[in-house]
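Remarks on the structure that follows.
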Amino acid sequence: MADQSIFTQDVTRIKEGMFAQKNPIEAPYLEVHQSLGLEGQASLSGAKNAVLVIMTSLILSRGVSVVRNVPASDDVFQMITLLESLGAVVIFDEEANILEVDTKNLDGYRVKPEIMKKMRASVLVMGPLLARFGKVELALPGGDVIGERPVDYHIKNFEKMGVSVEQHGDILTACVQHLQHRNLLLEYPSVGATENIMMLAVLTSGTTRIINAALEPEVFDLIESLKKMGARISIETPATIVIDGVEHLSPANHTVMFDRMEASALILAGAITGGYVHVPQAPAHDMGLFLMKMQEMGHTILIGKDGVGVKIKATKTPRAVSLRTAPYPGFPTDMQAPFMAALTLAQGVSTVKETVWENRLTHARELDKMGAQIEIHYDTATIRGVEELYGTHVIASDIRASCCLALAGLAAKGYTTISGVYHWKRGYQSLEGKLRALGASITLFE
Ligand code: UD1
């Protein structure tokens, strides 16, 4: 057990945090008031991590693709800008969440650095552009607050497939020399590398195997969409994606899976406020370890027919639990920060080990400002449950951190203001509206 003295904080100072909010905060920011006992039914949007890559995969065909259940989030708008910059014609019906992308006259293979720098998922155009034009030029996405985010696994494997890659400063130029199918062994099951390689391999003749591939549900949603376009993809054990190259693909017609990360946020909102929440579209079959940990905390979890839909009846006395993040089917790194918000109020000592990203515990310092007691040692947070959190001003440093702090704000006495919420808008389509429908007092000021 960690040294108790490390956890000792000046609680008076934390309580006074509530009054330290007199200065006006620059918009955009979230204001969250304590909202105990959230209750009701919440709807979900399409999965951010599936839709972005499915959008880049549309480059692989010529014609009009239709994608449904597309969230109107800022990352999606950014990806639309990217596709338009390459010559795609895009119509997005935000009300109906239907996206139409015409890639017939696509003529660009260079992605402007200002577009690349705004969203790391832009690197997922690399495979599709190589498959379509035989070349691509883009700026490296660079590091950000959760980690360095290198793309060496993408590059190494493209090279093995016969692509030459050159780097000048942070500009990467890649050119197909002689495409060849290969058995590619990933040293780590990177989601992005798996997706990028797969999107080049679908139009490479012969059989490509990606061994130790990422098997996240969002990777399977991409596979589903590619198969509907005419790709030939199957799965072998252990963790191998087998791609039989075809000559061309038809435009896509696909409905994006529901967002398991957003589902976990709404379930946690029920948990942290001691409420009773039903998320009928939650893909419970993809959320095993998360739901298991919720049960270990003492919450009652009911799963719907065929593994779809989750009801949570929160315990009033949650228990501490420990977890480590890992590639699927391990505990998802993208649920780690939101889950930590709930652990701050659990009885006992929890540990959370982040193994996927090297710097993804920054939200812990912000939770501390609200009265949480968290000690960080390298990649592990040790969380001693407290009786109460207190509202104050906090800063979100990535998408999931913004969710974590909003959840903590729902339980904290008084009210919490959160800046850095452009991350919130990047990752979610009106999560604040979905929380309000459950009775939460949460407002996004823009
Ligand atoms: C995707 C998700 C992100 C999620 C992550 C892990 C999208 C748009 N984003 O990101 O929300 O947190 O999966 O589930 O789908 N790495 C390298 N070299 C590489 C590639 C990755 O070292 O070439 C490292 C990364 O720095 C990181 C780890 O591998 O530490 C996992 O990265 P990866 O699985 O590739 O994540 P992304 O696809 O970027």
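The values are calculated or read from the model by the stated rules, or taken from the named source; none is laboratory data. No experiment lies behind these values; they were computed from the predicted model shown. A quick note on method: Cβ atoms are made from the backbone with ideal geometry, for glycine too, and the neighbour counts reach across all protein chains shown.
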Review point. Looking only at residues in the range 426-441 that are out of contact with any strand residue (DSSP E or B) (no Cβ under 8 Å at 6 or more places or on another chain) and part of a helix (DSSP H, G or I), which one is surrounded by the most Cβ atoms within 10 Å (Cβ to Cβ)?
Key: 431
Study note, to complete from the structure: Apart from one, (1) within 22 Å of residue 26 (Cβ to Cβ); (2) among the basic types (Lys, Arg); (3) more than 16 Å from the ligand (Cβ to nearest atom) all hold for residue 425; the odd one out is (3)
**Study point:** Inter-residue pairs, beta-carbon under 8 Å, first hydroxyl-bearing (Ser, Thr, Tyr) and in the range 205-221, second within 11 Å of the ligand (Cβ to nearest atom) and at pLDDT 95 or above, 6+ apart
**Key:** 208/197
Check your understanding: Restricting the search to the range 114-135, which residues are away from the ligand (no atom under 16 Å from the Cβ), at pLDDT 90 or above and either assigned to a helix (DSSP H, G or I) or touching a Phe, Trp or Tyr at 6+ places or on another chain (Cβ under 8 Å) (or both)?
Key -> 129, 131, 132, 133, 135
Check your understanding: For the subset of the range 140-160 comprising residues that are of a type in the set (Val, Ile, Thr) and at pLDDT below 85, which member is farthest from the ligand (Cβ to nearest atom)?
Key -> 145
Exercise for review: Name the single residue, out of those in the range 333-350 being of a type outside the set (A, V, I, L, M) and over 22 Å from residue 261 (Cβ atoms), that is surrounded by the most Cβ atoms within 10 Å (Cβ to Cβ).
Suggested key: 347
Exercise for review: Can you confirm whether the range 261-269 contains a residue that is within 22 Å of the chain's Cα centre (by Cα) and surrounded by fewer than 19 Cβ atoms within 10 Å (Cβ to Cβ)?
Suggested key: no
